[in-house]
1. Just checking, which of 117, 96, 102 is touching a Phe, Trp or Tyr at 6+ places or on another chain (Cβ under 8 Å) and either in contact (Cβ under 8 Å) with a residue 12 or more places away in the chain or surrounded by fewer than 19 Cβ atoms within 10 Å (Cβ to Cβ) (or both)?
2. Within region 320-338, does at least one residue satisfy the condition of being outside any helix (DSSP H, G or I) and either out of contact with any strand residue (DSSP E or B) (no Cβ under 9 Å at 6 or more places or on another chain) or at pLDDT below 85 (or both)?
3. Based on what the data block shows, is residue 195 closer than 30 Å to residue 167 by Cβ and not in a helix (DSSP H, G or I)?
4. Hey, can you tell me all the residues within region 207-243 that are under 18 Å from residue 73 (Cβ atoms) and among the acidic types (Asp, Glu)?
5. Can you pull out the residues in region 198-209 that are touching a helix residue (DSSP H, G or I) at 6+ places or on another chain (Cβ under 8 Å) and either in a helix (DSSP H, G or I) or surrounded by fewer than 18 Cβ atoms within 10 Å (Cβ to Cβ) (or both)?
6. If I filter region 1-17 down to residues being hydroxyl-bearing (Ser, Thr, Tyr) and assigned to a helix (DSSP H, G or I), which single residue comes out as surrounded by the most Cβ atoms within 10 Å (Cβ to Cβ)?
7. Among the numbered criteria (1) at pLDDT 85 or above; (2) hydroxyl-bearing (Ser, Thr, Tyr); (3) surrounded by 24 or more Cβ atoms within 10 Å (Cβ to Cβ), which one does residue 20 miss?
8. Search region 259-272 for residues being more than 20 Å from residue 359 (Cβ to Cβ) and not in a helix (DSSP H, G or I), and hand back the single one that is modelled with the highest pLDDT.
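The values are calculated or read from the model by the stated rules, or taken from the named source; none is laboratory data. Bear in mind that the values here come from a model prediction, so they are computed numbers and not experimental data. As a convention, Cβ positions derive from the backbone with ideal geometry for all residues, glycine included, and neighbour counts pool all protein chains shown.
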Amino acid sequence: MTGSLKTRIKSVSLIFACGTALFSDGYANGIIGSVNTLLTRTYGKEALARHNYSTVVNSLGFAGTVVGMLLFGYLSDKVGRKFGMMSAAGIVVVFSCLSAASSGANGSVGGLLSMLSAMRFFLGIGVGAEYPCGSVSASEQSEEPGINRRAWHRWLGLSTIVMLVFGFSIAAFIPLVLYWIFGPNHLPVIWRLSLGLGAVPALAVFLWRLNMDEPVRYKKDSMRNARIPYNLVFRRYGGQLAAISIIWFLFDIIIELTAMLNDVFGIYSSTVLNNITGGSTDLAIIFGWNVVINLLYVPGALLGAFVVDYLGPKNTLASISIIGLVLQAIVGCFMSGFYSQLTKHIAAFSLLYGLFLSFGEFGAGLCTFILASKACPTAIRGQFFGAAAASGKVGAFIGIWIFPPIIKAFGGSESLRGNTGPFWIGSGLALLNAVIALCFIHPLTANGIIQEDQKFREYLEAHGYDTSQMGLADNHDLLTIVDHDSAVQDKKGDLEEDNGLVI
């Protein structure tokens, strides 16, 4: 193995060390639905309703995630990427275990549910922290000199959004496997193990990150030891932040509005799932279909990660977002128009539903991650990404609460219009997102992060800001080294484009 290849493999491994922890986000958000189903079977609907459990656990989980995104967005910029990543992984490990150990005084069900809800809040902080810490670091690592510039977005997508949707799939599969092992008479063991196993990938990532250093771009261009001129930052990047945040906000509403098959999450009620399962209450059947549904997210994310770099650096992200959103809208309209026929042919419905979800991940799901992490300078990247990601979580939370009234307004869950309404709305929002991406999103440049950092420095200097305070101590000489290596890499990339993508 040549030294060059070893360097590239090491560079790619660092990208995954930073971004792979988003698997924990997918797992944490995915597993709670199955756990809620198990809790209902174990303690009864009345016990959960009496303590308003469903509302409390969902509200606290989302609140914790938003707090983590915003708080660690700031800490990622002002304290350090590694501090944020290590803290995030550690929080997920601790509170995944504590969630599994939830119990109430003297066996109180109310106490158990209260503790679980509280642990989900703190777990949400760790999960939310991964976005502005791990994803941002993965973005910066993806443009290191050892990475081919024609694979920058691919590696970032594979290490973040693909890991996220893969976490959803594993979260659906784990309860099914545990149910096969322990059977219907040991449901408490199943839900506790399902929650506790979330600590395993987080612990692995924590150990993986121990010997990591801060990304080179952070050492060079951070404002850890300098005052951040927020007035200048908002003047230059406020518009892009607003556009990306709105796209992420609407995309997460679409996901919640159209999650009609996910009755397992305990949030929605749908006649479609009853058609699929024949009204079965067998957990093996319900969990099995949940696995199928969650796997439908994966193809779009994978395809998008491998396509994104081929469309060209200037138009890549806006183009792929628009393509994915328009295709999602078309499929959504088709599903709404032929809903009654499709529900009689479950394979066809599942295929189209899978395309609807995949196109969403192929477009906005993938591109919001890349845009939010590369459309701003290193100095404020954590806060920029954290704010955009938090807007998405707020959209998801709103989607949960507006879903029942929408169903009711369209005629109720027992009517044809009630079940098709969310797909019409989801399709409309997807088209709106496509318009926003077309009109307001600035395509990334070929030189990505490095060029944006240079432009930001020039902008600050033009407004009288002393840029000599930027960067970490004893690392000001990185500018010449990094920019020289990047220039060499760009020339190598131009030569390699005709021979296909390499690492």
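1. Step by step, each of 117, 96, 102 is checked, and only 117 is touching a Phe, Trp or Tyr at 6+ places or on another chain (Cβ under 8 Å) and either in contact (Cβ under 8 Å) with a residue 12 or more places away in the chain or surrounded by fewer than 19 Cβ atoms within 10 Å (Cβ to Cβ) (or both).
2. Scanning region 320-338, I find at least one residue that is outside any helix (DSSP H, G or I) and either out of contact with any strand residue (DSSP E or B) (no Cβ under 9 Å at 6 or more places or on another chain) or at pLDDT below 85 (or both), so the answer is yes.
3. No: the conditions fail for residue 195.
4. 214, 221
5. Within region 198-209, 199, 201, 202, 203, 205, 206, 208 meet the criteria.
6. 11
7. Condition (1) is where residue 20 drops out.
8. My answer is 270.
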